[in-house]
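The values are calculated or read from the model by the stated rules, or taken from the named source; none is laboratory data. All of these numbers come straight from a predicted model, not from anything done at the bench. FYI the Cβ positions are ideal-geometry reconstructions off the backbone, even for glycines, and counts take in every protein chain you see. These area figures cover heavy atoms from the full protein model, side chains too; ligands, DNA and RNA do not enter into them. Shrake-Rupley method; radii C 1.70, N 1.55, O 1.52, S 1.80 Å.
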Amino acid sequence: MSDFKHSGPTLDRMGFGGAPLGDMYAHSDDDRARETLATACQHGIRYYDTAPHYGAGLSEQRFGSFLARKPRSEYVLSTKVGRVLEPAEEPEATGPFVGGLYFKRRLDYSYDGAKQAVHDSLQRMGVGYLDIVYIHDLSPDALGDAWTDHFATAMAGAARALTEMRDQGLIHGWGLGVNTIEPCLRALDEADPDVFLLATQYHLLNTAGADELFPRCLDRDVSVVVGAPFGSGLLAGGDHYLYQKATDESIRTRDRMAEICRGHGVDLKAAALQFSAAHPAVDSIIPGASKPERIPQNKALFETDIPAELWAEFKREGLLPASAYVPD
């Protein structure tokens, strides 16, 4: 476990990513979502991440319903700003989210927008403070060429608002929640973040996070949470990679890794989870789950013994960089 530099929360080595509870890829059931969260709690998971974007408030609503009778000091909760939800006549399906609540999303990285988003999230989840707030999708993959303009708005607006809220104790830490590295590097230059939630940029198929960002985070005492340690599904046997349909090339690479793992009596999913957690800059990983049975499976995979020769074979075949950190 690791504490934030600003006396913030302690993060579990493996938390729970809430995107699947927002109707990601498929419609989901309230009772099943609650059972999944209850199973996570029963297995000792106490770090939960969500966002207004996940099902237009659906994921947050489900977390709030589940956590309503839990002592607030017994779990760590993170959500995000950057999208303000406004009432709509129909649920707005967008990106990987096929359904959700009756809201539409308004992109807003301003000072007032961040304050409103935090206030709204507190209301949706019924809590009095947030442990972590990430500025969400402030990145070229989500915003295209306009991302730099939005980044400037966020640094002058949302980042300032979150820093003030951190000083006031309404939140305990803030950072970026993104799928690319450059925004995190720029945030280190221009602001005082506590933590980055970096999705899709550090797992068995992509180790880019370790090249420049992770060393700088270690130097600045900034925590890293790895999202999508399965590459948004591909490394878990699915057909999505980077939240899109996987390419033939990425599937071939995944299949070769799986073949090597089988030769060592190891599940590829175990290798994926443990690899993403092994780098010294990484404080937590947050695989998502939409089914309760996935929770004990992930816990067991995370604790599986993996022989050193498996990692050595990955490196010999060029599937991992020679310098990659691997589990002890």
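Hey, got the Cα dimensions of region 210-293 along the principal axes, in Å, largest first?
38, 29, 28
Distance from a point 7 Å along Cα→Cβ of ASP149 to each backbone N in region 96-136: keep the residues under 16 Å and list them by number.
Residues passing the 16 Å test: 107-110.
Please list, in order, the residues from region 269-287 whose amide nitrogen is less than 14 Å from a point placed 7 Å along the Cα→Cβ vector of ALA300.
Of the residues in region 269-287, 269-270 have backbone N under 14 Å from the label point off ALA300.
Which whole number in µm²/s is D for region 168-250 by Stokes-Einstein, with the Kirkwood Rh taken over Cα pairs at 4 °C and 1.567 mPa s?
Here the translational diffusion coefficient equals 95 µm²/s.
Ignoring ligands, DNA and RNA, what percent of the accessible area of region 76-119 is carbon or sulfur (1.4 Å)?
Reported share for carbon and sulfur atoms: 51 percent.
Quick one: if the Förster radius is 51 Å, what FRET efficiency do HIS264 and ASP29 give, using the C-beta to C-beta distance and rounding to 0.05?
With a Förster radius of 51 Å, E is 0.85.
Looking at the chain, what % of its DSSP beta bridges pair antiparallel, to the nearest 5?
30 percent
Ignoring ligands, DNA and RNA, what percent of the accessible area of region 231-318 is carbon or sulfur (1.4 Å)?
C and S atoms contribute 46 percent here.
For the chain, list the DSSP H helices whose alpha carbon atoms reach 20 Å or more along the long axis and whose average Kyte-Doolittle value is -1.0 or above?
In the chain, the long hydrophobic H runs are 111-125.
Report which label in [x] 30, 22, 19; [y] 33, 27, 17; [z] 33, 24, 21 holds the value of semi-axes √(5λ) of the Cα gyration tensor in Å derived from the coordinates of this structure.
After the calculation, the listed value that fits is [x].
For region 1-130, what are the per-bin percents of Cα-Cα distances with bins 5 Å wide, up to the bin holding the maximum?
2, 11, 20, 23, 21, 14, 7, 2, 0
So how far, in whole Å, is the C-alpha centre of region 267-314 from the one of region 155-172?
33 Å
In region 26-108, with Lys and Arg counted as +1 and Asp and Glu as -1 at Cβ, which of these residues, GLY57, VAL81, TYR102, has the Cα nearest the positive end of the dipole, that is, farthest along it?
Toward the positive end, the furthest listed residue is VAL81.
Calculated from DSSP H runs of 4 or more alone, at -39500 (n - 2.57) each and per residue, what is the 222 nm mean residue ellipticity of the chain, nearest 500?
Computed mean residue ellipticity for the chain: -11500 deg cm²/dmol.
Find the accessible area per residue for region 144-196; the probe is 1.4 Å, ligands and nucleic acids are left out, and the unit is Å².
36 Å²
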